[in-house]
Amino acid sequence: MEPSEPRPRVIVGVDGSPSSYAALRWAARYAGMVGGLVEAIHVWDTPSSVGWSGPAIDPDFDLEQARERFTEEIRSVFPDEHPADLKEHLVEGDPSEVLVRASEGAELLVVGSRGHGRFHRAMLGSVSQRCAQHAACPVVVVHREQEEKR
């Protein structure tokens with residue numbers, strides 16, 4: 001690969017679920033084989049501002065909690081050393097929308113088969129399904145079992 005050529009971008013969604021950890025490992029291995037960069041994206045959302053007790057949110061607190069969770073997730077997957085070619089992005093919004101948008105111009109989007117959504121029994125999670133249908137690049141859906149067979 002010539003130095004002037006852009007390196008392939010591999011986008012991966014990380015939500016703290018075992019299948020997202022497996023997806024991050026898979027993405028790092030793939031990026032290493034193709035000389036690419038991994039962009040790990042953790043999407044967070046501030047809960048509704050009005051609940052039973054009225055407005056009780058602190059967006060700065062929610063952001064800080066999301067940042068701490070994401071840092072711990074990366075440390076869980078790569079306990080010994082942070083890969084040099086791993087960029088971390090913490091984004092507020094809807095996970096499927098953020099990942100589909102991030103897939104533009106990417107070589108590959110990697111997601112876990114099931115995350116921390118409401119439908120734990122689904123064969124394919126709603127985020128991974130929407131990404132597979134709408135991403136601007138090929139999508140790899142990684143199952144937790146694949147990570148355990150390493």
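Bear in mind that the values in this text are calculations on the coordinates, not laboratory data. Values in this document were obtained by computation on a predicted structure and should not be read as measured data. Cβ sites come from the backbone with ideal geometry, for glycine too, and all protein chains shown count toward neighbours.
In this structure, ASP60 and ASP94 have a Cβ-Cβ separation that, at R0 = 25 Å, corresponds to a calculated FRET efficiency of about 0.75.
Taking the Cβ of ILE74 as the centre, find all other residues whose Cβ is under 14 Å away and add up their charges (Lys, Arg: +1; Asp, Glu: -1).
Numbers: positive: ARG25, ARG67, ARG69, ARG75, LYS87; negative: ASP15, GLU39, GLU68, GLU72, GLU73, ASP80, GLU81, ASP85, GLU88.
Net local charge, ILE74 excluded: -4.
Ranked by the mean number of other Cβ atoms within 10 Å of their residues, highest first, the peptides 97-109, 78-90, 20-32, 131-143 come out as 20-32, 97-109, 131-143, 78-90.
With the simple model of a label 7 Å out from the Cα in the direction of the Cβ, HIS82 to ALA132 spans 3.3 nm.
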